[in-house]
Amino acid sequence: MIAPRRFLPSVSSLLALEAVDRLGSATLAAGELSLTHSAISRQLKHLEDQIGVSLFERAGRALVLTPAGRDYAESARGYLQDLAKASLKIRAAGARMSLNLAVLPAFGTHWLLPRLKAFSQAHPEVAVNLSTRLAPFDFGREAFDAAVHFGVQDWQGVDYRELMRERVIPAGPVGLLPDGPLPAGALLDLPLLHLASRPGAWEDWFARRKVPIGRLQGMLFDQFSHVSEAAALGLGLALLPSFLFEAERDRGRLVAAAEGYEELDAGYYLVWPKSRVPNRALGLFIDWLEQDRR
């Protein structure tokens, strides 16, 4: 249900408030919005009367936002950004249905995007929009139809469709591995690169290979793309998921540092909220993924 009209100010008045807050001057705000100084003043006064709270005060000829005005401007900025994003999505989709997906950056780039061309060819009536999210979120607060989740099935209140199991392999540039893959223990003599979101990944890999280790050190990164790039530049070995390693291998940037993949007790899933029936666009995507997997 939409709030009563008296609580819904015009977009033009919110634009004026946001611009004054961001630029620190009604004169600058007027220039940006192609309005006069008096027009900005009228917009703010109308907004103030509608809200019933003092949003600005005069300091000579200047307008200065009150603390309440600055707080409201921050809220208005978020609303205007969301409105602009919604308008952009509609404009980009045109008459097509929109499918809004939250994805993990490396998985989205190297696994999902290469498959989306085939999906778009099969279903040109669907426009797919991708945004990055690194952790589970509340579908009730975020405008996504579905998301890609890594790990185990621990996201509450969602349905799952497995996309792939996680397999990892150590990788590095040919310069560090001129003779090809090494025995697992020999990797300890080379610098190892670490990912902040996968603490203990190298320790687990060596444990699976039954290689005793001490305390592992090395450069730390927060994105797989940075880890793989650092490895390609010769800064060390990266422990990469199969889809990322294979993309870099095919580009001639990385080679395997040890024989074989290790399959982990984790995977990648498409998830969507149980609280609502998948819309038609999501239903087509789920069905297409099932067919693609066969």
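The values are calculated or read from the model by the stated rules, or taken from the named source; none is laboratory data. Keep in mind the model is a prediction, meaning the values are calculated, not measured. Cβ: placed from backbone, ideal geometry, glycine included. Neighbour counts: every protein chain shown.
Points worth noting:
- Matching residues in the range 236-267 - criterion: being among the charged types (D, E, K, R) and more than 16 Å from residue 110 (Cα to Cα): 259, 262, 263, 265
- If you filter the range 28-54 down to residues that are β-branched (Val, Ile, Thr) and touching a residue at least 24 places away in the same chain (Cβ under 8 Å), you find that the one that is farthest from residue 75 (Cα to Cα) is 40.
- Among residues of the range 215-235 that are closer than 12 Å to residue 105 by Cβ, those with a Cβ under 8 angstrom from a residue that is among the small types (Gly, Ala, Ser) and surrounded by fewer than 18 Cβ atoms within 10 Å (Cβ to Cβ), sequence gap 6+ or separate chain, pair up as 222/196; 222/197.
- Whichever residue in the range 172-198 is over 25 Å from the mean Cα position of the chain (by Cα) and part of a strand (DSSP E or B) and, among such residues, is farthest from residue 106 (Cα to Cα): 192
- Residues (modelled with pLDDT of 85 or more and surrounded by fewer than 16 Cβ atoms within 10 Å (Cβ to Cβ)) located in the range 11-26: 11, 12, 22, 23
- Residues of the range 132-150 that turn out to be touching a residue at least 12 places away in the same chain (Cβ under 8 Å) and more than 22 Å from residue 292 (Cβ to Cβ), as a count: 9
- Filtering 152, 158, 168 for residues that are in contact with a helix residue (DSSP H, G or I) (Cβ under 9 Å, 6 or more places away or on another chain) and aliphatic (A, V, I, L, M) leaves a single hit, 168.
- Within the range 84-118, the set of residues being assigned to a helix (DSSP H, G or I) and modelled with pLDDT under 90 comprises 84, 85, 86, 87, 88, 89, 90, 91, 92, 93.
- Taking the range 179-198 as the range and being closer than 22 Å to residue 248 by Cα, exposed (fewer than 14 other Cβ atoms within 10 Å of the Cβ) and not small (Gly, Ala, Ser) as the test, the residues that pass are 179, 183.
- Residue list for the range 119-171, restricted to those being assigned to a strand (DSSP E or B) and among the small types (Gly, Ala, Ser): 127, 131, 146, 147, 151, 171
- Selected residue (criterion: surrounded by the fewest Cβ atoms within 10 Å (Cβ to Cβ)) from residues of the range 279-294 that are over 30 Å from residue 141 (Cβ atoms) and in contact with a helix residue (DSSP H, G or I) (Cβ under 9 Å, 6 or more places away or on another chain): 291
Residue-by-condition table, conditions (1) surrounded by fewer than 17 Cβ atoms within 10 Å (Cβ to Cβ); (2) within 25 Å of the chain's Cα centre (by Cα); (3) within 22 Å of residue 112 (Cα to Cα):
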residue	(1), (2), (3)
200	yes, yes, no
221	no, yes, no
230	no, yes, no
240	no, yes, yes
246	yes, yes, yes
252	yes, no, yes
259	yes, no, no
269	no, yes, yes
277	yes, yes, no
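- Residue match in the range 158-169 (condition: of a type outside the set (Gly, Ala, Ser), modelled with pLDDT of 95 or more, surrounded by 19 or more Cβ atoms within 10 Å (Cβ to Cβ) and more than 20 Å from the chain's Cα centre (by Cα)): yes
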